[in-house]
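Written out below as structure tokens is the structure these notes cover.
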Amino acid sequence: MNATGYFLPDDWILWHSEGLLEAIKLSSGDHIRIEGTPERDVLNGELRASTWDSLARFEPLLGQLREQLEGQTLQPLTRETVLRGSGWKQLFVELTAKCNEQCVHCYAESSPARTEALGWPEIVKVLKDAKALDFGLVQLTGGDPLISPHCVRAVEFAREIEIPRIEIYTNGLALRGSTYDRLRDLSPSFAFSFYSYNPETHDAITRTPGSHARTTRAIRRAVDDGLNVRVGVVSMEQNQHDASKTYEYLLGLGVTGDSVAFAQMRDVGRGDATSSEVDARPAGLQTGGVESTRPRNFGGSAAVSYDGKVYPCIFSRHLLLGSIYDTSLETILTSAEPIALQKNHLLTARAQWGEKLSCWECQTRSVLLDGNCNA
Amino acid sequence: MPEVSDRRVPRRKDTLTHEVTDTDEVVIYDSNGPQLLVLNDMAAGIWLMIDGKRTIDDITGEIVNHVEAECATVTRDVLAFLGQLEQRKLIAWQEAT
């Protein structure tokens, strides 16, 4: 019996064949199986209203599914529908692999010795495609994006073509002088990487003496100038006991509480060689990051790496989608290639991706785009 | 009556509940799944006769009394449907007491 897979934005994956419907609600993992007869097919609108009412009484989730089915068009499972989800949300653009730090856990394995970087023509093409696809946010990252000679120009260009939101993910070490002055005027958002209130711990993780003081200075300066600032703290063995003090420290710099996210380290890049079993949130603190497996819209993301390779996300480097040196980003992301799905595999395999991928969207995409989990 | 007597008694699994709709369909809900099964009115009629007491012979006999169909045909259809329910682990069998 051949089952057809559908994606029902923004939260359901459906399999359908001859009266049988299986539905997985992605954000919760709830799995429902509804079996009708060919003449009472659930998905083809042949189910009577009173039967739907009974179904929903037994299983309230089916009430939600019914509303979704009435309000939206089913999309066949293709690479594009899986990547895009309910709409293109975030594009990561790694301007360079080079970094002025060499953090012990870096997923991109960046360091001062790295030389790979995107050239200006490629950056322009990528940003134009991001606009064409209607991405809501472009995050410039790396390595450290501020080291790229094209960073400020990229922000300028993104503003010019009216990409809604630009964010620079940085350690802030190079956020000074004319670079800072020009960026301040362009007013992008900043996301800073930070590890501990304790300079020794922070510098040990970045393996860069003096980095704590320089990042602190950059954060304070951006906050004082009224720029949009958030801070990401990756929790690992070295800083697991610092979380509460680090949180207080960041509040002291003027960062708002809901702009501090503690994220668990992922087994990607150099992080793969380090223990990642640390969840070092400050006690009782409700912040993002570690909790990013929480339900939310299945919005689309993609990442263009410093070598032109395209992935669904910066952490999903096992899922190579193509290279912007071969074809455009827009073409890569809008592929109508059908997804052959092992339906019983989705929930079990998704859990296996948990060590590498922090959010359920990425876990789900990994299973859908690469059914055989090689984690 | 069937040519070969069948005294087996189908019994519904304990975790099942059902509801009859106003169009005489039956929706069966298995909380151990969860899975739902929508039965058309014919299948619903058989399902409703599964009470842990009626044998296959009883069920078939009652249907034959209400529809214009050959006993052998009804028996075949009933067995096929019960076989599907068994396959889905919705019923188990016991011998008539």
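The values are calculated or read from the model by the stated rules, or taken from the named source; none is laboratory data. What you see is a predicted model; the values in this text were computed from it and never measured. When we count neighbours, we look across all protein chains shown, and the Cβ atoms used for this are built from the backbone with ideal geometry, even at glycine.
Just one of A:Ile147, A:Ile205, A:Ile161 is surrounded by 20 or more Cβ atoms within 10 Å (Cβ to Cβ) and over 16 Å from A:Leu95 (Cβ atoms); which is it? Walk me through how you get there before you give the answer.
On the way: A:Ile147 fails: over 16 Å from A:Leu95 (Cβ atoms); A:Ile161 fails: surrounded by 20 or more Cβ atoms within 10 Å (Cβ to Cβ).
When all the criteria are applied, what remains is A:Ile205.
Entry remark, the range A:71-122: residues being part of a loop (DSSP other than H, G, I, E, B), closer than 23 Å to A:Tyr325 by Cα and within 20 Å of the chain's Cα centre (by Cα) number 6 in total. Checked against the criterion of being surrounded by fewer than 21 Cβ atoms within 10 Å (Cβ to Cβ), assigned to a helix (DSSP H, G or I) and among the charged types (D, E, K, R), the candidates A:Glu167, A:Glu156 yield just one match: A:Glu156.
Regarding the range A:85-100, can at least one residue be identified that is in contact (Cβ under 8 Å) with a residue 24 or more places away in the chain and within 13 Å of chain B (Cβ to nearest Cβ)? Steps first, please.
Keep residues of the range A:85-100 that are in contact (Cβ under 8 Å) with a residue 24 or more places away in the chain, which gives A:85-100.
Now drop any that are not within 13 Å of chain B (Cβ to nearest Cβ), which leaves none.
No, there is no match, as no residue in the range A:85-100 is in contact (Cβ under 8 Å) with a residue 24 or more places away in the chain and within 13 Å of chain B (Cβ to nearest Cβ).
For the range A:1-58, the set of residues classified as of a type in the set (Ser, Thr, Tyr), at pLDDT 70 or above and in contact with a Pro (Cβ under 9 Å, 6 or more places away or on another chain) consists of A:Thr4, A:Tyr6, A:Ser28, listed by residue number.
Please count how many residues of the range B:36-46 are within 25 Å of B:Val74 (Cα to Cα) and within 9 Å of another protein chain (Cβ to nearest Cβ). Of the residues in that region, 5 qualify.
If you go through the range A:43-70 and keep only what is touching a Phe, Trp or Tyr at 6+ places or on another chain (Cβ under 9 Å), assigned to a loop (DSSP other than H, G, I, E, B) and within 11 Å of chain B (Cβ to nearest Cβ), you end up with just A:Glu59.
To keep it simple, each residue is scored yes or no on (1) over 19 Å from A:Ile123 (Cβ atoms); (2) at pLDDT below 85.
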{"site": "A:Leu251", "(1), (2)": "yes, no"}
{"site": "A:Gly254", "(1), (2)": "yes, no"}
{"site": "A:Glu277", "(1), (2)": "yes, yes"}
{"site": "A:Arg281", "(1), (2)": "yes, yes"}
{"site": "A:Pro295", "(1), (2)": "yes, yes"}
{"site": "A:Tyr311", "(1), (2)": "no, no"}
{"site": "A:Leu319", "(1), (2)": "yes, no"}
{"site": "A:Pro338", "(1), (2)": "yes, yes"}
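Residues in the range A:321-332 that are in a loop (DSSP other than H, G, I, E, B) and surrounded by 15 or more Cβ atoms within 10 Å (Cβ to Cβ): A:Leu321, A:Ile324, A:Ser328. Applying the set (1) within 11 Å of chain A (Cβ to nearest Cβ); (2) closer than 18 Å to A:Arg33 by Cα; (3) outside any strand (DSSP E or B); (4) at pLDDT 85 or above to B:Gly33 leaves exactly one unmet item: (4). Assess whether B:Val9 counts as being within 19 Å of A:Leu21 (Cα to Cα) and assigned to a strand (DSSP E or B). No: the conditions fail for B:Val9.
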